[in-house]
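*Asks:* One structure follows; several queries about it will come next.
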Amino acid sequence: MSQVILETHNLSMKFGGVVAVDNVDFTLKENELRCLIGPNGAGKSTFFKCITGLHKPTSGNIYIQNEETTHWHTHEISQLGIGIKTQIPNVMDGLSVWENIWLSARRYNDVNNANRRVDEVIERIKITDIAKKMVGELAHGQRQRVELGIVLAADPWLVILDEPAAGMTGSDVDIMIEIIQEINRHAALIIVEHDMQFIKAIADKVTVFYQGSILMEDNIDNVLADQRVRDVYLGRKV
Amino acid sequence: MQKINHRHLIIGVMLSVTVMFILPNLIEHYTLSLLIIYSILALSLGFIWGFGGILCFGQAAFFGIGAYSYAVYAINIGESSIPFILAILTPALFALILGAVIFYGRLSDVYLGVITLVVTLILFRFASATAGPEYAIGKARLGGFNGMPNFQTLNIPGMPDRYIWDMDFYYLCFIIIIMCFIGLFFLTRSSFGRICIAIGQNEQRIELIGYDVRKYKTILFAIGGGLAGLSGALYASWAEIVTPNLFSLGQSAEIIIWCIVGGVGSLSGPILGAVLLGLLKYYFGQQSYIDNNLVLGFILIIFVLFLPNGLAPTLSQLWGKVFKRKNRQRKNLNSKRVRMPNKKAVS
């Protein structure tokens, strides 16, 4: 039986009087691919920021591989072997694609191994032709892939992605789907996403967020067939 | 990753040494020594600002601490070698502690500016208020607003009677700045340097990768403090007196202006800014028609409006464009030359 690698107990995050995440109990198992969906303002991104240390939760607990990480800093959480990609491409514009990925590879490798690792990753995510370009010169979809390269260079066992397909064109989305499926052979994934076509293509199990809480958790077909989810997406009250 | 071109480095060093021997024929060596000291000070801020994104409004604090430390240790020890080393370590340690408070406290850039500025002001006030005999460290009296004169200036290590002064002092300053430049050049190309550069560009991404940004910024800040301290120690030996004015806001502002005019993001920019503005200050200081600070302010406005990247990056861009155009012309010429014999062969 698969082991639980990430769980939250009664996780809450408040901004003044606004409750963005409300008593969320969440578990993720080894090699699982979980999509977090929900309408705008449902609390998905805030939940993402809480588990990655970008926000300190107001109450509740977060456990990663049975270790409490509730108040850890982002770099400490990342050092556990977790790859994190934020919603807006978070890259170093003034450095080349190669250098961006090298910084991540160097974190866990010596210089020679880091160089080798960068070449591997660049080939894996199909950006060999732009490897020497400055990231600031690249299109949005390419920047998204560069950031994914940064994430993969550290060889994570858990990858957390916030809207990886946001702003991408059709062919870029197809490549992203391929890359995500490939990552999932070795690592677990949590993907926060809006695009239902994208989710259908990759999702196994889906967690639906609504008003800061989990509305339902099931496989993609059941979620899409559920009347409450439809109502939520159409803006009706549940 | 950018590889180090050793040939360029050797040519650069040889050129610098040639310039070192030519310059005293053009400008008085006493002024040149001061310009080099200012250049090291500018480099200390340019390095942390341009590469690590740390804009410190109080770099003069470390400069002053370096100068005062040198004077205090030199009076107590008598010989200059140990005071010189301690004058670098003391401000570096001070910067390390201050940096740790700022960066581990997760204070934003605005507060970094405010805190460093306030620390400079506090040091200025404190140094000005130490006229009484109770303000002494060992044999060294701090001297209040009048400062501290009569300390041992730089000497050949182990020989307190053999002073390094006049042309020798100029050569020493020049060699030190070349060493600083080479040291920082290698540092920016090391793993540590690349990470610091990346922090300057996107702090959050570096944190998401798993680097402790606070640690890197604190170390970088301490290196900047040590460099400023080094220039302070040289300044103390050059001026043979240290006064609270070293901590003044004017001094801090001037360092920032040097960096803006010269251009941050390169090692040569801050040096260029300090030398050019230092020279201008020197020449304008010899006349009484117009105030020095007005000229400085005017130059700053011109640069911010029309050359926001600063001199060094602009010149480098221009050089790149000219070089590319020449290369293209040469390629075109070569391709024409290749076609000509073919025509002949056909005919």
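*Asks:* How big is the Rg/Rh ratio for the stretch A:123-238, C-alpha atoms only, Rh by Kirkwood, two decimals?
*Replies:* Ratio of gyration radius to Kirkwood radius: 1.02.
*Asks:* By how many degrees, 0 to 90 and rounded to 10, does the Cα axis of helix A:97-108 deviate from the longest principal axis of chain A?
*Replies:* So the inclination is approximately 70 degrees.
*Asks:* Within 10 Å, at most 11 other Cβ atoms, and a DSSP state outside H, G, I, E, B define an exposed site. Report the longest part of chain A free of exposed trypsin sites (Lys or Arg not before Pro).
*Replies:* Counting only loop sites that pass the neighbour cut-off, the longest clear stretch is A:1-131.
*Asks:* Can you give me the C-alpha center-to-center distance between the stretch B:44-64 and the stretch A:100-147, rounded to a whole angstrom?
*Replies:* About 31 Å separates the Cα centre of the stretch B:44-64 from the one of the stretch A:100-147.
*Asks:* Something else about it: Using a 10 Å cut-off around each Cβ of peptide A:154-160, what is the average number of partner chain Cβ atoms that fall inside?
*Replies:* Going residue by residue through A:154-160 and averaging, the value is 1.
*Asks:* Cα centroid distance between the stretch B:251-316 and the stretch A:42-69, in Å?
*Replies:* Their Cα centres are 48 Å away from one another.
*Asks:* Per-residue HN-Hα couplings for the stretch B:231-236, Karplus 6.51 cos²θ - 1.76 cosθ + 1.60 at θ = phi - 60°, whole Hz, x for Gly and Pro?
*Replies:* Along the stretch B:231-236, the couplings run 5, x, 5, 5, 4, 4 Hz.
*Asks:* Quote the relative contact order of chain B in percent (integer), defining contacts as alpha-carbon pairs under 8 Å separated by 6+ residues.
*Replies:* 30
*Asks:* For a quick check of your reading of the filter: which GluC sites (Glu not before Pro) in the stretch A:13-73 sit in a DSSP loop and have no more than 16 other Cβ atoms within 10 Å?
*Replies:* A:Glu30
*Asks:* If the only charges are +1 at each Lys and Arg Cβ and -1 at each Asp and Glu Cβ, what is the size of the charge dipole of the protein assembly as shown around the Cα centre, to the nearest 20 debye?
*Replies:* 2480
*Asks:* Place a point 7 Å from Cα of A:Lys126 in the direction of its Cβ. Which residues in the stretch A:156-185 have their backbone N less than 18 Å from it?
*Replies:* A:164-185
*Asks:* Using +1 at the C-beta of Lys and Arg and -1 at the C-beta of Asp and Glu, which of B:Val264, B:Gln251, B:Leu55 has the Cα lying farthest in the positive direction of the dipole of the protein assembly as shown?
*Replies:* The residue sitting farthest along the positive end of the dipole is B:Val264.
*Asks:* Could you check which residue among A:Thr207, A:Thr70, A:Thr58 shows the biggest mean-square fluctuation in a GNM of chain A with a 10 Å Cα cutoff?
*Replies:* In the Gaussian network model the winner is A:Thr58.
*Asks:* Round to a whole angstrom and tell me the spacing of the C-alpha centers of the stretch B:129-143 and the stretch A:167-223.
*Replies:* That distance is 70 Å.
*Asks:* Separate question: For helix B:167-188, report the angle its Cα long axis makes with the longest principal axis of the Cα atoms of chain B; keep it between 0 and 90° and round to the nearest 10°.
*Replies:* Roughly 60 degrees between the two axes.
*Asks:* Using amide H atoms built 1.01 Å from N in the peptide plane, name the residues 5+ places from A:Met168, or on other chains, whose amide H lies under 5 Å from its own.
*Replies:* HN-HN under 5 Å from A:Met168: empty list.
*Asks:* Counting other Cβ atoms within 10 Å of each Cβ, which trypsin sites (Lys or Arg not before Pro) in the stretch B:87-178 have at most 14 and sit in a DSSP loop?
*Replies:* B:Arg106, B:Lys139
*Asks:* Can you give the relative contact order of the stretch B:152-237 as a percent, counting alpha carbon pairs under 8 Å and 6+ residues apart?
*Replies:* 25
*Asks:* How are the C-alpha pair distances of the protein assembly as shown spread across 10 Å bins, as whole percents from the shortest bin up?
*Replies:* Going from the shortest bin to the longest, the percentages are 3, 14, 21, 20, 16, 13, 9, 4, 1, 0.
*Asks:* For the pair B:Leu307/A:Asn113, report the inter-label distance in nm, with labels modelled 7 Å from Cα in the Cβ direction.
*Replies:* Taking the simple label geometry, B:Leu307 and A:Asn113 are separated by 4.8 nm.
*Asks:* If the viscosity is 1.306 mPa s and the temperature 10 °C, what translational diffusion coefficient in µm²/s does Stokes-Einstein give for the stretch A:1-63 when Rh comes from Kirkwood over Cα pairs?
*Replies:* 130
*Asks:* Separate question: Could you compute the FRET efficiency for A:His140 and B:Tyr135, with r as their C-beta to C-beta distance and R0 at 60 Å, rounded to 0.05?
*Replies:* 0.45
Values in this text are rule-based calculations from the coordinates and carry no lab data. These numbers were taken from a predicted model, which means no experiment stands behind them. Methodologically, a virtual Cβ is constructed for each residue, glycine included, from the backbone with ideal geometry; neighbour enumeration extends over all protein chains shown.
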